[in-house]
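Written out below as structure tokens is the structure these notes cover.
The values are calculated or read from the model by the stated rules, or taken from the named source; none is laboratory data. Just so it is clear, the model here is predicted, and its values are computed rather than measured. A quick note on method: Cβ atoms are made from the backbone with ideal geometry, for glycine too, and the neighbour counts reach across all protein chains shown.
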Amino acid sequence: MIINNRNPLSFLLTCSALLTVALTPFNASAKKLDWSKVPYTHFSDQEPLRDFLTELAATQKTPIVISEKVDSVVSGYYREMPPEEIFLNVAKANGLLWYFDGDTLFVNREDELQTGSVSLSHASASEFTSSLERLGVLDHHYHWVSSDVDQMVYFKGPEQFVTAVLEMSKVLDKKQTTPSIYKWVDSRGVTHFSSNRPKKFATSNNIKIIEKDKGLVLLGEPNIQE
């Protein structure tokens, strides 16, 4: 059974009720964006923050999806600075969250933080956690608590992170007939996971098959049509 709980108060009450059981906090790492070391210079004067982030991501040749709620402006002169440092400074100053799924950088406002939980039937909470770590789904920025006692996982983060964890729970928490997982990107740039070959998706050249136990890309299928 899969539970998606996006009510922060309910989530905190649930976690409080579990203080008497053995919970395992996990500090995991998602795939990290490989920022260029080449210094970057940028001047902004009341520039829309969306435009600033889009241009910065373009210098890294990385697709970016920015929440519609990110609607502020930015002013400043960044002279010969590492791109990652600029991004982190701007994100902190503007209250932004980010999540990189290995393909796309997602940016949201802090007030868009969501919570979720998963009840596992076949895989243990620790096995599920380890699998997500190998596949680069987990992100150490965000809260993650797992319990092998009651087979539950509790987490919070941006929408894309929560969605990815819930999709992976559907793939991993069942008796596996194949060690492969399909990873594909839709027209919005959002990455999805499934245990079966996706029948419909917009970006036909972004489908991959991943070896579940090692998290390695084995095969690309660029010619599958929607």
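Can you say whether LEU138 is within 30 Å of TYR154 (Cα to Cα), within 14 Å of the chain's Cα centre (by Cα) and in a loop (DSSP other than H, G, I, E, B), as far as the supplied structure shows? In short, yes. Every condition in (1) under 14 Å from GLY157 (Cα atoms); (2) in contact (Cβ under 8 Å) with a residue 60 or more places away in the chain holds for SER131 except the one numbered (1). Of everything in region 172-193 that is β-branched (Val, Ile, Thr) and at pLDDT below 70, the residue that is farthest from TRP98 (Cα to Cα) is THR177. Scanning region 119-132 for residues that are within 16 Å of the chain's Cα centre (by Cα) and either at pLDDT below 85 or part of a strand (DSSP E or B) (or both) turns up just one, SER131.
Tell me whether region 160-167 contains one or more residues that are within 14 Å of the chain's Cα centre (by Cα), closer than 25 Å to ALA93 by Cα and of a type in the set (Ser, Thr, Tyr). No, region 160-167 has no match at all. Taking first residues from region 154-182 that are β-branched (Val, Ile, Thr) and part of a helix (DSSP H, G or I) and partners that are surrounded by fewer than 19 Cβ atoms within 10 Å (Cβ to Cβ) and at pLDDT below 90, the Cβ contacts under 6 Å between residues at least 6 apart in sequence or on separate chains come to VAL171/SER195. Residues in region 116-141 that are closer than 19 Å to LEU96 by Cβ and buried (at least 20 other Cβ atoms within 10 Å of the Cβ): ASP139 alone.
Scanning region 101-115 for residues that are assigned to a strand (DSSP E or B) and surrounded by fewer than 20 Cβ atoms within 10 Å (Cβ to Cβ) yields one hit, ARG109.
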